[in-house]
Structures are given as structure tokens and as C-alpha cells.
Amino acid sequence: MAKLQVLDHPLIQHKLSLIRDEKTGSKEFRELVEEVAMLMAYEVTRDFPLQDVDVKTPVAIAKSKMLAGRKVGLVPILRAGLGMVDGMLRLIPAAKVGHVGLYRDPETLLPVEYYCKLPSDIAERDLIVIDPMLATGGSASAAIEFLKARGAKNIKLMCLIAAPEGIAAVQKAHTDVDIFVAAVDECLNEHGYIIPGLGDAGDRLFGTK
Ligand code: PRP
Ligand code: URA
């Protein structure tokens with residue numbers, strides 16, 4: 001079974017509380033989502049391998065470490081996943097970004113694909129699928145399925161808030177995908193919204209209704 005990690009760093013938890021607050025407007029919401037994504041990227045990349053390097057400082061040679069040339073791909077699920085891309089790129093600027101467009105049918109709650117554009121070499125990349133919300137898990141599972149169908153092998157999933165139902169669904173469908181979240185909430189309501197959650201992530205990010 002892949003691992004589930006709840007990132008409980010105080011800065012992440014503080015900012016997540018502000019994100020949840022219904023009084024937080026779109027501008028601040030966007031800024032906070034970006035900041036939390038950046039902080040989460042720090043933990044999600046913790047297992048990246050290092051290599052030894054010699055660095056010539058102004059006074060001597062330092063036996064140092066650098067990333068061992070790992071190729072990374074970020075895959076936001078449109079549209080709310082877009083809000084997390086820039087924060088992650090600040091820490092992983094060389095990452096390539098692929099996009100998977102999915103929306104949940106409001107009646108069936110099943111994901112409908114409308115866009116997919118990925119780097120050509122995804123099979124060689126460490127992919128991080130990003131979406132603020134993991135509710136039923138249908139969208140994340142479908143996105144991961146698309147990536148695997150196109151050759152991806154090494155995939156992680158990073159979300160701000162997850163429902164237990166969504167975690168269970170992804171873990172069942174994709175036993176090889178580690179999941180990183182900032183919070184696991186109580187449940188889903190009858191419309192598939194996470195309780196207490198933060199409402200509709202896409203609408204809050206982009207000011208739509
Ligand atoms: C939201 C969210 C996830 C999905 C989660 O997107 O950003 O992609 O719902 O729900 P699930 O786990 O039940 O699939 P939404 O479908 O509202 O589209 P949007 O990002 O375009 O608003
Ligand atoms: N999508 C959202 O944006 N919010 C939820 O609570 C569930 C799905």
C-alpha cells in the first residue's frame with residue numbers, strides 16, 4: 001500500500017485555516033494556496049536523491065551535495081490545480097508542467113476529461129499530480145490513470161484537503177501512488193463536497209460561481 005502523509009508543519013496548518021475561512025477573498029486565497037503549495041513541495045521532494053559534488057568556495061573545496069539530476073513533472077488537474085503550480089515551481093523551477101482537464105459531473109460526480117497535454121518524456125519523469133481537493137477521488141484516480149496509460153511510472157499525488165473516501169479510492173485504484181495532504185477532513189456531503197473543507201476550490205481561486 002502506498003503511503004499517506006499528512007503535512008502538519010505549523011506554517012502549512014496556519015495558512016490552511018486562513019484558506020478555509022469563508023471571509024478570505026480570491027486574491028488572498030490564491031496567494032495562500034500558492035504559499036502552501038510551495039511549503040508542501042518541500043516535503044514531497046524529501047526523497048529526491050543527492051549526489052556528491054566538490055564546490056570551490058573563495059577559500060577551499062567544499063564536499064557538498066546537489067540533486068542527482070532527477071527530472072520532475074508537475075501535473076495540475078484543471079482548473080483548481082493551477083493555483084498550486086507557481087508555488088511549486090518556485091522550489092522546482094526546472095520542472096515541466098503537464099495539464100489534465102477534468103470536471104466533475106454535478107449529477108453523477110464522475111470525472112469528465114476535456115483536456116490533456118503532457119511533456120513527451122513523462123515516462124522518465126517523477127510526476128506530482130496536484131489538486132487542492134481530493135473528494136470522492138474520482139478526478140485524481142482518472143488523472144493518474146491517464147498518466148499511466150501514457151507511460152508514467154513514478155507518480156505522487158499532492159492535495160490540500162482530502163476526504164477519507166477520496167484517500168481510500170485512490171489507494172485502492174493506485175497502490176503505488178504516495179499521497180501527500182495538508183489535512184484529512186471528516187466526510188463528504190450529499191453533493192460530494194468535503195466537510196468542513198473550503199467550499200469550491202476552483203470558484204474561490206478564480207472568483208467564479
Ligand atoms: C474539483 C477539484 C477536484 C475535484 C475533486 O474540481 O479541484 O479536481 O473537484 O473531486 P473528486 O475527488 O470527487 O473527483 P471540479 O470538478 O469542481 O472542477 P474545477 O477545478 O474546474 O472547478
Ligand atoms: N471540489 C471542490 O472544489 N470542493 C470540494 O469540497 C469537493 C470537490
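Tabulated data for the structure shown
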{"quantity": "Enumeration of residues in region 153-203 that are free of Cβ contacts under 8 Å to residues at least 60 places away in the same chain, under 22 Å from GLU43 (Cα atoms) and surrounded by fewer than 22 Cβ atoms within 10 Å (Cβ to Cβ)", "calculated": "LYS153, ASN154, PRO164, ALA168, ASP185"}
{"quantity": "Residue among LEU118, LEU102, LEU134, LEU82 that alone is buried (at least 19 other Cβ atoms within 10 Å of the Cβ), among the aliphatic types (A, V, I, L, M) and closer than 18 Å to VAL177 by Cα", "calculated": "LEU134"}
{"quantity": "The listed residue being in contact (Cβ under 8 Å) with a residue 12 or more places away in the chain, surrounded by 12 or more Cβ atoms within 10 Å (Cβ to Cβ) and under 16 Å from the mean Cα position of the chain (by Cα), out of GLU34, GLU113", "calculated": "GLU34"}
{"quantity": "Region 94-142, subset part of a loop (DSSP other than H, G, I, E, B) and farther than 28 Å from ARG20 by Cα, residue nearest to ligand 1 (Cβ to nearest atom)", "calculated": "LEU118"}
{"quantity": "Test result for MET38, of a type in the set (A, V, I, L, M, F, W, C), in a helix (DSSP H, G or I) and more than 16 Å from ligand 1 (Cβ to nearest atom)", "calculated": "yes"}
{"quantity": "Lone unmet requirement of (1) of a type outside the set (Lys, Arg); (2) in contact (Cβ under 8 Å) with a residue 24 or more places away in the chain; (3) more than 16 Å from ligand 2 (Cβ to nearest atom) for PRO76", "calculated": "(3)"}
{"quantity": "Those residues of region 186-206 which are within 12 Å of ligand 1 (Cβ to nearest atom) and either farther than 22 Å from GLU35 by Cα or part of a loop (DSSP other than H, G, I, E, B) (or both), in sequence order", "calculated": "LEU188, ASN189, HIS191, GLY192, TYR193, GLY197, LEU198, GLY199, ASP200"}
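All of the numbers you see were taken from the coordinates with simple rules; none came from a lab. All of these numbers come straight from a predicted model, not from anything done at the bench. All Cβ positions, even for glycine, are placed from backbone atoms using ideal geometry, and neighbour counts span all protein chains on display.
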